[in-house]
Structure formats: C-alpha cells, structure tokens
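What follows is calculated from the coordinates using simple rules that are stated; it is not laboratory data. Just so you know, these numbers come straight off a predicted model, no measurement behind them. So basically every Cβ, Gly included, is an ideal-geometry build from the backbone, and we count neighbours across all protein chains shown.
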Amino acid sequence: MSPQLTRAAAVTGSLADPATYLDGPPFAEFARRRREAPVSWVAEVPLRRHSARGTVVQRVGGYWAVTGHVAVVAASRRPEVFSSAERGAFLADPTSRADLERSRQLLVGMDPPAHTRLRRVVTAAFTAPVVRGMRAAIAEHARQIVRRATAGQPVDAVAEVAAELPLLVLADLLGIPREDRGLFLRWSNNLVGFDDPAFGGGDVEVFKQTFVEAFGYALTAAKARRRDPGDDLVSRLVTAEVDGRRLTESEYCHLWLLLVVAGNETTRHLISGGLDLLADRPDLADRLARQPDLVPTAVDEMLRWTTPIMQFRRTAVVDTELAGQRIRAGDKVVLYYISANRDESVFDRPETFLLDRSPNPHIAFGVGPHFCLGSHLARVEAAVLFEELAPHLRRLRRTGPAVRLESNFMNGLKQLPVTFAAG
Ligand code: HEM
C-alpha cells in the first residue's frame, strides 16, 4: 500500500481497516462501543490493497463487533452457535470456496468434534510440565540474547530480542536447524503481516507463495523424521494418529505452519509490547529491576495490555442473541480480545498498567475450545526473558521511534530502537 493509499484508507477509521491501527489500537472507539452496546455493528469497508499487479479492492463485509468481556467469553464458549469453520476464523471473508477449505484445515478454522480430534494430537507437547522441562534451554537462549542486546550498542529490540527467543524455541521444539529460523520469520511476517506494505502488502501472490514454500519445507522435515524419528514435535506429528489413521499430508502441513506462525509472531509482539511500555515508564522498569519476583504478574499484565492477537472471527450458524443483540444465522461476529481486556466492568483501572495486577482475568489467549495451545510456552518465554533483562531495565532508553505493524489482527511492532547502554 502506498503512503497515499494508507492515508485514504485511514479516513474510514473503521475497526476493520488495518490503517486505523497505525497509531495504536483505537481504545477510545472500543470504550465507546463497550459503553453503548457490547455487541455493535461495523459497516462494510472496501479495503484497497497494493499488489505487484496494481491496486485491488477487497470487500470486508459488515459484522458484529463483540467488545465486552462477558460477551466475548460467552460467544467463545458456544462453538455450536458461533462457528470457526463456517466462514473461517479471519476477519476478511474467504475469497473463494478453495480459500475457505484452506482455512478449515487450520485448527483455528475448525469446530468440534473435528477440532477436538486434531487438537489432541498436539496438546501433549504443550502441557505445563512439558514446558517446565524446556525452561532451562529457553533460559539459556534468553541469556545469550540479553548478553548481546546489553553489550552497549543500540539495538532493534524487535529483531534482536523479541523475535529471536520464540524463533529459537520453535526451532528446538520442531527439531529443525536454528539457522533456518529466518525463514520462519519471513513466512509468518508474510502471512500475518499480510496487510503491511513491508511484508505482503495485501498481495495474494506473496501469500500463496509463502504457503508453497513453507509446506515444501515442512514435507522435507517430515520425510527426514520418518526415516530418523527423534523426540521433537515433527516426529510426533508424522507418527500421530487421528481416528486410527495417520495425519494426511495436508493436515500435517497446516498444523505445522500454524505452530510456526502462532508460536513466533504472538510471543514476539508480547515481548516487544512489554519493552515498548517499559521504555516509556522508567518507574515500572525500575520497580521490575528491584523486584524481579513480579515478573510473572507483569507478564500477564503485558498480555492484557498488548493483547498481541486483537481479534478472531466467528460466524453465527443459527439465529441467536448475544448480550441482548439479535444475531442472524450467517452473520459475521468478531471477538475483540483487545477490547475485552480493557473492560471496566471486569478490570479495576483498566487503563493503568499494574505490575502486580491480581487477579487478572485477561483473555489474550482466547477462551473456550480454541484456547491457545501455546499459553504455557509463551508465558515461560516472556518470563525468562524479562528475568534476564531485569538487571538492565534501568538503562533501557529509546534511540528512535517504534514502528507499528499495519494490521487489524495483530497488535505488533516492526521496529523498536533502544539501548541498554549506561549514561
Ligand atoms: C503471547 C503469545 C500468544 C498469544 C497472545 C496467543 C493467542 C492465541 C489466541 C487468542 C488463540 C485463540 C484462537 C481462537 O479463538 O480461534 C490462540 C490459539 C492458538 N495458539 Fe496461541 N498465542 C500465543 C502463543 C502461542 C504459542 C507460543 C503457540 C505454539 C507454539 C501457540 C499456538 C496456538 C495454536 C496452535 C492455537 C490454535 C488452538 C485451537 O484452535 O485449538 N500460541 N492463540
């Protein structure tokens, strides 16, 4: 998207428009909607996307924005009414039948019971005890990253801190060479950062090509693991059975790619979001440095504050009601976790970041049958990183402006120039 198009699109101010989020999530608009009606209509917007072949217009049909905490939780817990499979889990409507079928291959785009069966294949790899067993290796990565980042030179904390840890952990988890982690970064930027001019810029070809490349890689890894299985996740996926049969090639590839994307982009934005806040708030950085035992509650507050995945979409499959609003079968319903996490009827002083907030019933990991599989892993990654960083936090300073990702889906930064140098 050219700067000119970005400005033109921003005029809409619609929750559906990626450009609306360029200066940060529209919290005032979310607050207004929560106050007036926790389920409210967002009108259709035509989004102009830049592609190598010129400008294209994609229609994002009108939808119900669910902005209240209670309503988001209620809808998430009723997959038989609010389906992830009917029209996919993403805000933009599927562009074709094939597109819809593709999104139904992803766990996030499935409904029970198919969803429950496939999810079972990977849950064991992400339980709290399994993740606790990974803690020492994660801490070692974090130590190296923090040592490099605090050596005195200015750093881009997105590339050199926030992106690095989840990529290294994923490489270990999947049993693939660490040197290949740059590929994971590029693929997830292209798929999730799709709207941003720096990545796909809305170019469908980039999107499709990324799938081809990533699936090719996944299949090569599968072949190697079938010959020589280890205790990594790929070995588990290629030997796993659902209903007495092995995963199909397509099931395997989609699961693999979901893990690669979900496991890196989100945690990256959580860490950079936390650092971005601490760079503005020396008082908090100082307290965390003095009281590193606050890291676990601080991480949950960073999850609430940043809410890296701002929303997921559902589709009503029967006429129903949500928070007093009538919804018809076929209506698109978008669950705004980012708004729910600032809901004043659930959180005391939601606009205040509290390092020791407890309880903290945020729903940054979603809720219900699709509750994030990687929640334990993400929490441990962020916690060990901030524990390692704690002694250096008093020296955290910006060296330039942060650059935001242009997205209506991810609340993320592309760059965060900082230094941890003394003085
Ligand atoms: C800060 C980090 C993370 C955040 C904020 C986050 C957020 C979410 C959310 C909101 C969902 C719900 C999707 C829905 O309702 O349709 C989800 C699902 C999922 N997440 Fe995460 N996630 C994070 C980290 C991770 C990690 C580290 C992994 C794996 C390595 C992961 C893997 C998944 C998978 C596989 C699903 C799909 C579950 C299903 O549909 O049953 N996530 N995540």
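Here's the list of aspartates and glutamates a cross-link from Lys414 could span, going by alpha-carbon distance under 12 Å and ignoring same-chain residues fewer than 8 apart: Asp156, Glu160, Asp196, Glu265, Asp276, Glu406. Taking only the C-alpha atoms of the stretch 100-240, the Rg (one decimal) and the largest Cα-Cα distance, Dmax (whole number), read 17.2, 53 Å.
Between Ile338, Ile327, Ile138, the residue with the greatest mean-square fluctuation in the GNM of the chain (Cα pairs under 10 Å linked by springs) is Ile327. Summarising the overall dimensions of the stretch 261-397 from its C-alpha atoms, the Rg and Dmax are 17.0, 56 angstrom. With contributions of -39500 (n - 2.57) from each DSSP H run of at least four residues, the per-residue ellipticity at 222 nm computed over the chain stands at -14000 deg cm²/dmol. Taking 16 Å as the cut-off, the amide N atoms of the stretch 334-363 that come nearer than this to a point 7 Å along the Cα-to-beta-carbon line of Arg290 belong to 355-356.
The value for the stretch 319-423 of Rg(Cα) / (2.2 N^0.38 Å) is 1.44. Over all pairs of different C-alpha atoms, the stretch 3-419 has a mean inverse distance whose reciprocal, the Kirkwood radius, equals 21.9 Å.
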